[in-house]
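Bear in mind that the values in this text are calculations on the coordinates, not laboratory data. Quick caveat: nothing in here was measured; it's all calculated off a predicted structure. In this analysis, Cβ positions are derived from the backbone assuming ideal geometry, glycine residues included, and neighbour counts consider all displayed protein chains.
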Amino acid sequence: MSTPYNGNEDDFWDKENEGSGDLPRYGSTNHPEDRPDYGQGGYAQSGNGQPYSSGYDSNYGNAGYSGAQFGGAGYSENLFNNGSGQRDLVETDGKLQVFSAIGFGFKRTFSNAKLWLLGSLAFIVVSFILGGIVGAIFGNDAGQTGGGFELGTDLAGNIVSLISLALMPFVYRLATKEVDSRSTGWSTLGKDVHYFPTLAITFILWLISLVFSFFVVTMILGSFFAQLEAAGTDEVEFYNSLAANIGTFLGILMLIMVGYLLVTPLYQLMVWYAADGRAGIGQSIVQGFRSGAANYFRLIGFNIAISVVMVFITLVTLGLGMIIALPVYLLAQAHAYRQIAGGPVPFGSIDRS
């Protein structure tokens, strides 16, 4: 009877098999567990053979990283698990998949409803309460000083906006953590928040939009509103002025909307880079601009699609759908940002074909 082949001309009863009983000796294989570096790589490699951290800031996941280390000590969430004990988060190719992001937004809004739907409801209620309180205070002051109720309303709106801006760094960070983990909850809120860089970029963008809005209302649409106010209480004169200028008004409004749509991709990712802790203020602005430019038309498509979805949900539900639309929009944006930034995103949330 022949003996098993051991890959060379040596008899399998060689010295290496001494003490092994009658078991044959086999040659080395190409299995991962047979490699000398097996178990030393830490996190699994990506499909292109590069370590997971490829494409990230060099400090991401290291001790120097300013946020919670990805999957490291102090990272409280239970990361995705594919059943084999490995984390089920993957890199992306940096190209936005529009409907994957929107689908993720819907899926997570409902699968984690106690956080996102209840949180959305709380945000809306608190905004209304704050708006009412601030509006009552400054509206009365404006009326008493002869400044007009309109001035008080504008001031109240800006104060509520500033309060909302102060809270947004927490919300942005929570959304990025939702991309990382299924176990995100109320206890996650406030953890590892990169507050001041996120707040600074949010405030800068808000201030630019405020200046632009003031310019549009006063310089471009000012004459239109002046003619309507000149009509006073004369309804016939009012409707005549409205009919004479409505075409111009709608045309200007359309141009503003198109301009906003074309510019938005260039800045909408900036705040996400800061909220995710990948860069400081300056680099978040630079990286956000570059990433937005690289995915310019995809982001335009994303913004159109998500806007249509939000409007549809809101109209069909007579406004109640805002409770759903807000978290869907936020989580879709977080997932879109992560796609463009190279990951990580849940394995099943993108098309890898």
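Things worth noting here:
- On the basis of the beta-carbon distance and an R0 of 45 Å, I133 and D351 show a calculated FRET efficiency of 0.45.
- From most to least packed by mean Cβ count within 10 Å, the peptides 236-246, 174-184, 116-126, 271-281 give 271-281, 174-184, 116-126, 236-246.
- The range 293-353 and the range 87-106 have their alpha-carbon centroids 10 Å apart.
- Fewest-first ranking of I129, I256, I201, using other Cβ atoms within 10 Å as the exposure measure: I129, I256, I201
- Summary value for the range 213-353: 14 percent relative contact order, contacts being C-alpha pairs under 8 angstrom separated by 6+ residues.
- Order of H194, H335 - criterion: other Cβ atoms within 10 Å of each residue's Cβ, fewest first: H194, H335
- Relative contact order [Cα under 8 Å, 6+ residues apart], the range 195-294, whole percent: 32
- For the range 98-349, averaging the sequence separation of C-alpha pairs within contact (under 8 Å, six or more residues apart) and dividing by the residue count gives a relative contact order of 30 percent.
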